[in-house]
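Below is one structure, written out as structure tokens; comments come after it.
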Amino acid sequence: QQQVKQSPQSLIVQKGGISIINCAYENTAFDYFPWYQQFPGKGPALLIAIRPDVSEKKEGRFTISFNKSAKQFSLHIMDSQPGDSATYFCAASNSGGSNYKLTFGKGTLLTVNP
Amino acid sequence: NAGVTQTPKFQVLKTGQSMTLQCAQDMNHNSMYWYRQDPGMGLRLIYYSASEGTTDKGEVPNGYNVSRLNKREFSLRLESAAPSQTSVYFCATRRQGNTYEQYFGPGTRLTVT
């Protein structure tokens, strides 16, 4: 049972373009939605995260849009740069009995061409 | 301040061999996690430890055992390695309290032939 579905699997964007990655979840108990960025040969690192009490969070060129009723959230990367080329994972968690465990999507490989 | 360290970085095993993956953290975090990452599968939780002395199964625990040796160290053991356990293994930590962020180590790439 996949609780967090991520799309697309891969994405190619030109430098300066907008990269958009989407995720959908099933468990309405989730109350924390992070995005992790992973460069080749490295461990994932937290990029940006949102709680369900807001519909959007922006940090620099990175924005999370959150739609609670549709149970969907997305990552937008504005003015994409070659240095943004990495694998991006969405995830979801809840603070209840799950002990803050993260459920990850399958990942999106982003390539930004110069 | 090394953060989360994992040893070894790479390992090749033959089917049936055993080994232990080591994870250590100097962040004074209470919770520690072991994940495996396979192509197209994302990260899947194997085991976690909410605090020293406690461990619990995650999504894919079969074929693995863990030990929370102390607050700093959390090891993952493969008793009889199988080719299906070929993967990249990540350890992660989370500090205590109402916080969600997990901090990941650099990973161990394991190949079982």
With respect to B:GLY107, is the statement that it is in contact with a Phe, Trp or Tyr (Cβ under 9 Å, 6 or more places away or on another chain), at positive phi, surrounded by 13 or more Cβ atoms within 10 Å (Cβ to Cβ) and free of Cβ contacts under 8 Å to residues at least 40 places away in the same chain true?
no
Across segment A:47-70, which residue is farthest from the chain's Cα centre (by Cα) among those that are under 19 Å from A:GLN81 (Cβ atoms) and either of a type in the set (Gly, Ala, Ser) or within 13 Å of chain B (Cβ to nearest Cβ) (or both)?
A:GLY60
Note: among B:GLN25, B:GLN17, just one is touching a residue at least 24 places away in the same chain (Cβ under 8 Å) and in contact with a Ser or Thr (Cβ under 7 Å, 6 or more places away or on another chain), namely B:GLN25
Specify the residue that is nearest to A:ALA92 (Cα to Cα); the eligible residues are those in segment B:83-102 that are at the interface with chain A (Cβ under 8 Å from one of its Cβ atoms) and in contact (Cβ under 8 Å) with a residue 12 or more places away in the chain.
B:GLN102
In segment B:28-72, which residue that is among the charged types (D, E, K, R), assigned to a strand (DSSP E or B) and touching a residue at least 12 places away in the same chain (Cβ under 8 Å) is surrounded by the fewest Cβ atoms within 10 Å (Cβ to Cβ)?
B:ASP38
Within segment B:65-87, can you find the residues that are in contact with a strand residue (DSSP E or B) (Cβ under 9 Å, 6 or more places away or on another chain) and over 23 Å from B:HIS29 (Cα atoms)?
B:LEU78, B:GLU79, B:ALA81, B:ALA82, B:PRO83, B:SER84, B:GLN85, B:THR86, B:SER87
All but one of (1) assigned to a strand (DSSP E or B); (2) polar (S, T, N, Q); (3) in contact with a helix residue (DSSP H, G or I) (Cβ under 8 Å, 6 or more places away or on another chain) hold for B:THR5; state the number of the condition that does not hold.
(3)
Can you tell me which residue is nearest to the chain's Cα centre (by Cα) among those in segment A:12-41 that are farther than 20 Å from A:PHE66 by Cβ and surrounded by 14 or more Cβ atoms within 10 Å (Cβ to Cβ)?
A:GLN38
Please count how many residues of segment A:42-60 are closer than 24 Å to B:GLN37 by Cα and surrounded by fewer than 17 Cβ atoms within 10 Å (Cβ to Cβ).
3
Can A:ASP79 be described as acidic (Asp, Glu), surrounded by 12 or more Cβ atoms within 10 Å (Cβ to Cβ), in contact (Cβ under 8 Å) with a residue 12 or more places away in the chain and within 14 Å of another protein chain (Cβ to nearest Cβ)?
no
For segment B:73-82, does any single residue satisfy the condition of being within 10 Å of chain A (Cβ to nearest Cβ), surrounded by 14 or more Cβ atoms within 10 Å (Cβ to Cβ) and among the acidic types (Asp, Glu)?
no
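Only the coordinates and a few stated rules stand behind these numbers; no lab work does. Just so you know, these numbers come straight off a predicted model, no measurement behind them. Note that we place each Cβ from the backbone using ideal geometry, even for glycine, and neighbour counts take in every protein chain shown.
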